[in-house]
1. Could you identify the single residue in T324, T341 that is of a type in the set (S, T, Y) and touching an Asp or Glu at 6+ places or on another chain (Cβ under 7 Å)?
2. For G296, are the conditions met, namely being within 22 Å of the chain's Cα centre (by Cα), modelled with pLDDT of 85 or more, assigned to a helix (DSSP H, G or I) and closer than 30 Å to S50 by Cα?
3. Only one of these is closer than 21 Å to M263 by Cβ, free of Cβ contacts under 8 Å to residues at least 24 places away in the same chain, outside any loop (DSSP other than H, G, I, E, B) and under 19 Å from the mean Cα position of the chain (by Cα): A359, A364, A316. Name it.
4. All but one of (1) modelled with pLDDT under 85; (2) surrounded by 20 or more Cβ atoms within 10 Å (Cβ to Cβ) hold for S247; state the number of the condition that does not hold.
5. Specify which of the listed residues (G347, G326, G335) is more than 30 Å from Q199 (Cα to Cα) and not aliphatic (A, V, I, L, M).
6. Among what's in the range 6-60 and is part of a loop (DSSP other than H, G, I, E, B) and hydrophobic (A, V, I, L, M, F, W, C), pick the residue that is surrounded by the most Cβ atoms within 10 Å (Cβ to Cβ).
7. Would you pick out the residues in the range 130-158 that are of a type in the set (S, T, N, Q) and either at pLDDT 85 or above or outside any helix (DSSP H, G or I) (or both)?
8. Taking the condition of being surrounded by 18 or more Cβ atoms within 10 Å (Cβ to Cβ) and under 25 Å from A120 (Cα atoms), how many residues in the range 361-389 meet it?
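The values are calculated or read from the model by the stated rules, or taken from the named source; none is laboratory data. Just so it is clear, the model here is predicted, and its values are computed rather than measured. Cβ placement follows ideal geometry from the backbone for every residue including glycine, while neighbour counts extend to all protein chains displayed.
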Amino acid sequence: MDRSFTEIDQKHSMITILICFLIAVIEGIDIQAAGVAASGVKAHFALSASELGLFFSAGILGLLPGALVGGRYADQIGRKKVLIWSVTIFAVFTLCTSWVSSFYSLLLVRFLAGAGLGAAMPNLIALASESTTPEKRGRAVGLMYCGMPIGAILVSLLAAYDMSGNWKTIFYVGGIVPLIVVPLMIKFLPESREFLKAQDAVKSSDQKKLSYKDLFSREYAPRTILLWVSYFFTLMVVYIMLSWLPSLFMELGFSRKDGSMAMVFFQIGAAIGTVVLGMLIDRYKKAYVIILMYLGILFGLFSLNSASTLNLMFVAAAIMGTFTIGGQGVLYAFGSFVYPTHLRGQGVGAASAVGRIGAMMGPAIAGQLLAMGSGATGVISAAIPCIVISAVIMVLLARRLENA
């Protein structure tokens with residue numbers, strides 16, 4: 001009887017992680033899609049440089065309310081339902097990106113697609129982490145999250161081999177593929193058993209309805225604040241790399257093609273890092289893995305600053321991808337340990353929203369530093385204090401959890 005139950009659990013876990021992985025691939029496609037389609041969008045809508053910047057920002061801005069709302073309702077009506085609606089909203093408005101005819105409608109559909117994307121992420125994390133035992137949560141989230149860099153690599157390949165030259169192709173792919181996945185989610189994706197148990201416990205007691213105030217209760221307030229600060233500074237550096245790495249290569253004297261290849265190495269490292277670091281956080285003390293992660297990011301930053309040949313720069317880009325995107329996966333996995341089941345969705349969702357603020361600010365700050373003449377070296381050096389702050393805070397949080 002117990003064996004049969006265990007086998008069913010393992011099957012549910014594999015199905016959940018696989019479907020969540022596919023959705024993460026779709027999210028990775030969207031994250032890179034705007035950059036890949038930028039020149040075509042700019043020409044089609046006759047955009048200025050500042051308007052093109054708004055086009056980039058609209059999708060990221062939508063992630064904020066999406067993460068907050070998606071996380072909150074995940075803890076109220078279920079992870080599966082919210083994820084299905086999130087992916088559907090994202091798919092519909094991604095398709096609309098190809099059909100709109102004005103600049104302001106373009107911004108609106110990118111914002112709404114971003115909102116769907118943002119609402120999906122805390123549910124992906126909750127479903128993946130709750131599909132297995134606590135001892136395997138890091139690995140589950142890592143396997144799920146490695147879909148993001150794989151999606152980004154697929155976009156790069158699609159852009160390289162798309163003979164049509166039509167910027168709309170990437171948004172057709174980004175919209176149609178999730179619409180194909182939605183029926184699979186409805187039929188095969190199981191709801192989190194931890195969530196169902198938590199709901200039964202609430203129904204059988206007089207427990208009040210949860211709100212964001214619970215994240216700032218005496219027990220959880222220190223955890224929440226520490227997690228928010230760490231997400232903010234870490235995602236700031238992650239998105240500086242995602243947005244500016246090819247340009248930083250050009251600032252250092254390399255070609256545009258070299259910069260594009262650097263992003264490929266960055267994403268390959270990211271795919272490896274999410275899985276490996278996710279497995280390590282399950283096997284060793286979380287504080288040790290966090291220290292390793294941030295040391296890896298610092299090593300990558302110093303390598304980018306000091307590398308003298310193209311091959312060394314590619315190695316540095318791969319190191320950065322391994323520990324920045326891989327580290328982001330660690331942060332998401334770690335968030336699932338910080339909060340109990342009944343707060344996990346909105347806890348991780350709120351932290352993700354705060355992290356997205358850093359994600360928006362990072363590329364803008366990097367742009368200002370470049371405009372002021374700091375150069376690539378100045379941008380890379382400015383990222384170092386952010387990583388040191390995040391590392392100290394995450395170690396403090398890990399120690400607090402161990403002593404709880």
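1. Of T324, T341, the one residue that is of a type in the set (S, T, Y) and touching an Asp or Glu at 6+ places or on another chain (Cβ under 7 Å) is T341.
2. Spelling it out, it is not the case that G296 is within 22 Å of the chain's Cα centre (by Cα), modelled with pLDDT of 85 or more, assigned to a helix (DSSP H, G or I) and closer than 30 Å to S50 by Cα.
3. Going through A359, A364, A316 in turn, the sole match is A364.
4. Result: S247 fails condition (2) only.
5. None of the others qualify; the one that does is G326.
6. Among residues in the range 6-60 that are part of a loop (DSSP other than H, G, I, E, B) and hydrophobic (A, V, I, L, M, F, W, C), the one surrounded by the most Cβ atoms within 10 Å (Cβ to Cβ) is L47.
7. Listed by number, the residues that qualify are S131, T132, T133.
8. Residues in the range 361-389 being surrounded by 18 or more Cβ atoms within 10 Å (Cβ to Cβ) and under 25 Å from A120 (Cα atoms): 2 in total.
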